[in-house]
Ligand code: MF3
Ligand code: CO
């Protein structure tokens with residue numbers, strides 16, 4: 001497991017700040033009628049304007065700056081020319097690299113007219129993320145974080161996606177350890193100061209079962225039900241935890 005130092009924390013704050021800024025500007029533009037490709041181009045330009053670079057584009061051949069996942073698409077939706085429609089649950093995932101340091105974050109929004117069931121799913125997913133983050137502190141075992149995320153989602157009747165996880169982050173987008181959104185308390189690696197984690201619950205209104213489309217990227221719920229996704233990049237600090245991408 002990679003452990004960095006205080007200069008790394010300062011650099012990661014810079015990467016996190018830039019991503020948070022881009023997310024705020026991007027979120028305003030997610031409206032019916034806009035296309036995924038338009039949002040992708042906006043995000044790319046906005047990231048470049050901060051002096052950073054998109055980290056997803058070209059990653060294992062991924063073709064875009066953002067992932068845009070609508071309704072039953074959980075993650076890794078590829079932006080396309082289709083305009084967004086009223087009532088859709090839209091999840092956006094994006095990452096950047098600034099001076100060699102990575103930040104990664106995701107959020108879901110509901111386009112009006114709001115549907116109660118989708119709003120509840122989004123709210124529980126965000127609460128699961130926040131509850132997991134609240135467990136992060138030096139000396140805590142990662143399973144305590146994972147199991148808390150799982151508890152919040154499942155006690156609301158939702159299914160955790162188990163085929164994909166969060167991850168360590170820092171000099172690379174994906175580092176050790178994997179950060180599952182399920183697990184057992186008092187298990188897993190012990191967290192240490194100056195460790196960076198991307199924590200990202202993916203929650204479905206079904207069982208958590210997912211399938212991948214023929215494009216090799218798009219991850220959908222097996223049942224065709226909606227999914228939500230929220231992600232923060234966080235730092236384990238001497239005092240506890242610091243959210244480096246506090247976009248919501
Ligand atoms: N945030 C996602 C992750 O942490 C997205 C990366 S996949 C990519 O895995 F290919 F789009 F970069
Ligand atoms: Co991630």
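Any read-out appearing in this document is the output of simple, stated calculations on the displayed coordinates, not a laboratory observation. Since this is a predicted model, take the numbers as computed values, not measurements. Methodologically, a virtual Cβ is constructed for each residue, glycine included, from the backbone with ideal geometry; neighbour enumeration extends over all protein chains shown.
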### Query
Hey, any hits in the stretch 218-227 for a residue that's within 16 Å of ligand 2 (Cβ to nearest atom) and either more than 25 Å from residue 8 (Cα to Cα) or within 18 Å of the chain's Cα centre (by Cα) (or both)?
yes
### Task
Test residue 27 against the stated conditions and say whether it is touching a residue at least 60 places away in the same chain (Cβ under 8 Å), over 14 Å from residue 99 (Cβ atoms), outside any loop (DSSP other than H, G, I, E, B) and away from ligand 2 (no atom under 16 Å from the Cβ).
yes
### Query
Of everything in the stretch 147-169 that's more than 16 Å from ligand 2 (Cβ to nearest atom) and assigned to a loop (DSSP other than H, G, I, E, B), which residue is farthest from residue 233 (Cα to Cα)?
157
### Query
Would you say residue 130 is more than 16 Å from ligand 2 (Cβ to nearest atom), part of a helix (DSSP H, G or I) and closer than 22 Å to residue 15 by Cβ?
yes
### Task
Give the stretch 173-189 a look and list any residue that's in a loop (DSSP other than H, G, I, E, B) and within 16 Å of the chain's Cα centre (by Cα), or say none.
173, 174, 180, 181, 182
